[in-house]
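Right, one structure below, let's go through it.
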Amino acid sequence: MYITEHSVKNFRNLENTSISPDKGINIIFGENGQGKTNLVESIWLFTGCHSFRTRKNIQLIQDGCESSRLDISFFAFERDQTARIELNDKKNVWLNEVQKDTPRRLIGEFPAVLFSPSTLSIVQDGPGERRKFMDIAISLIKPNYAGALSNYIKTLSERNALLRQYAGKTADENMFFPWEAELAKTGAKILKYRLEYIDMIKKEAAESYSGITAGRETFDIEYDTFYKESSFDEEKAFNQMFDTLQKNRENDIRRQFTGIGPHKDDLQLFVNGKNARIYGSQGQQRSCALSLKLGEAAVLEKITGESPVILLDDVMSELDDGRQELLLERLSNRQVFITCCDPSQLLRLNKGKAFEIIAGTSQEII
Ligand SMILES: Nc1ncnc2c1ncn2[C@@H]1O[C@H](COP(=O)(O)OP(=O)(O)OP(=O)(O)O)[C@@H](O)[C@H]1O
Ligand SMILES: [Mg+2]
């Protein structure tokens, strides 16, 4: 898929600006605080997801204005399409001039993958960030996943409430039994989705990593869970989790939380066989996060049949010239938007289009 026109009105510091992007690479450059990320954010909203910076419409609307309007024309699923977003105290969306009841209806219609500086937290921060990465990526391709996950979280909080209720007392087996059975049942289902996803993304992310390091370094992902068998069986996973929940009950009452389940699982990321979070350099960690995102794009393309738009906000700064060039080579068959302050290295490659953003106005540089 690719965007042919994008125009923005009263969105953050972008008063009234439009671009006609290239089908390939688009460089969005300018000094700090000029509106580059704002432009990327205005494209991202068409995925149907929340902004990656805020959930409040008021922050997206230009100061002093009452509303904001975004229009996009794009080619996807073999046809020309349009979408519009109007922001006021609500977010109203139209797809091909038909108004939708909720922005979530855009999910799957406008596939895009975003890398922003906060994407690095997948590699650098705690397991919660890695679980969040998986949960969002899976929700975008498996419509039933979000429901299963919210069911799991609800059951987990109910068992945790029971643990608090029995603090300092001996547990009543009959009280815990139904919650533990339900938790193990939804837990095994979440595990199945996640293992399937990791299986798909693993190879793609490793290939991307190898591509941007010209084969000099390797990248591997492993899903770290209570279930240790080499092949997955949902019933076995259910039994293991159910047994452990019962066995650990007294311990969980003492610690006041449920110590086993997908909410405790993690993703291990390895560069050349070593844990990237602990041993990776800045550039290696950035390459890992980038490879995960490129892996996400490849899986999204396989499942939806449509090549997602790639939004790279501030990716280039920590990558050396070689990695930058190899990254662009890997993205050669996709539409890409890259923001940066200094475009000289990218402009030398003489590919696609470049837009300079100055005080919220974009201008194509020829
Ligand atoms: N609601 C708003 N109304 C008006 N201006 C806003 C609004 N929200 C943010 N801004 C302004 O947008 C500018 C930041 O834009 P943006 O984050 O896109 O910068 P950038 O070009 O990506 O900079 P950097 O290179 O530092 O990342 C700031 O000057 C900020 O004050
Ligand atoms: Mg920025």
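Quick notes on this structure:
- Failed criterion for Leu346 (all others in (1) modelled with pLDDT under 85; (2) away from ligand 1 (no atom under 16 Å from the Cβ) hold): (2)
Conditions (1) in contact with a Phe, Trp or Tyr (Cβ under 8 Å, 6 or more places away or on another chain); (2) on the phi < 0 side of the Ramachandran plot; (3) among the hydrophobic types (A, V, I, L, M, F, W, C); (4) at pLDDT below 95, marked per residue:
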| position | (1), (2), (3), (4) |
| --- | --- |
| Asp243 | no, yes, no, no |
| Asn275 | no, yes, no, no |
| Gln282 | no, yes, no, yes |
| Leu300 | no, yes, yes, yes |
| Thr304 | no, yes, no, yes |
| Ile310 | yes, yes, yes, no |
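- Where Ile201 falls short, out of the listed (1) touching a helix residue (DSSP H, G or I) at 6+ places or on another chain (Cβ under 7 Å); (2) at pLDDT below 95; (3) farther than 26 Å from Leu245 by Cα: (2)
- Count - residues of region 15-46 that are within 12 Å of ligand 1 (Cβ to nearest atom), exposed (fewer than 15 other Cβ atoms within 10 Å of the Cβ) and over 30 Å from Glu325 (Cβ atoms): 0
- Region 115-126, subset modelled with pLDDT of 95 or more and over 17 Å from Tyr197 (Cα atoms), residue surrounded by the fewest Cβ atoms within 10 Å (Cβ to Cβ): Gly126
- Highlighted here are the strands (runs of 3 or more DSSP E) found entirely within region 324-366 that include at least 3 residues which are within 16 Å of ligand 2 (Cβ to nearest atom) and in contact (Cβ under 8 Å) with a residue 60 or more places away in the chain: 336-340, 353-358.
- Candidate set: region 294-327, residues that are within 16 Å of ligand 1 (Cβ to nearest atom) and of a type in the set (D, E, K, R); chosen: the one surrounded by the most Cβ atoms within 10 Å (Cβ to Cβ): Asp313
- In region 273-291 there is at least one residue matching the filter, namely being under 30 Å from Pro127 (Cα atoms) and within 16 Å of ligand 2 (Cβ to nearest atom).
- So Ala112, is it of a type outside the set (Val, Ile, Thr) and over 30 Å from Cys340 (Cβ atoms): no
- Segments classed as strands (runs of 3 or more DSSP E), wholly inside region 87-194, with at least 3 members that are without any contact (Cβ under 8 Å) to a residue 24 or more places away in the chain and not assigned by TED's automatic domain parsing to the domain that holds Asn239: 91-95, 98-100
- Residue satisfying condition, being assigned to a strand (DSSP E or B) and assigned by TED's automatic domain parsing to the domain that holds Cys340, within set Glu15, Glu41, Glu31, Glu66: Glu15
- Filtered by the rule that a residue be in contact with a strand residue (DSSP E or B) (Cβ under 7 Å, 6 or more places away or on another chain) and assigned to a loop (DSSP other than H, G, I, E, B), region 44-53 gives a lone residue, Phe52.
- Filter result (touching a residue at least 60 places away in the same chain (Cβ under 8 Å) and surrounded by fewer than 16 Cβ atoms within 10 Å (Cβ to Cβ)) within region 47-73: Ser73
- Close pairs (9 angstrom Cβ cut-off, 6 or more residues apart or separate chains): over 16 Å from Ile358 (Cα atoms) and of a type in the set (D, E, K, R) in region 22-46, assigned to a helix (DSSP H, G or I) and away from ligand 2 (no atom under 11 Å from the Cβ) anywhere: Glu41/Leu60
- Selection over region 145-185 of residues that are among the β-branched types (Val, Ile, Thr) and within 23 Å of Lys236 (Cα to Cα) gives a count of 2.
The values are calculated or read from the model by the stated rules, or taken from the named source; none is laboratory data. None of these values were measured; they are calculated from a predicted model. Cβ sites come from the backbone with ideal geometry, for glycine too, and all protein chains shown count toward neighbours.
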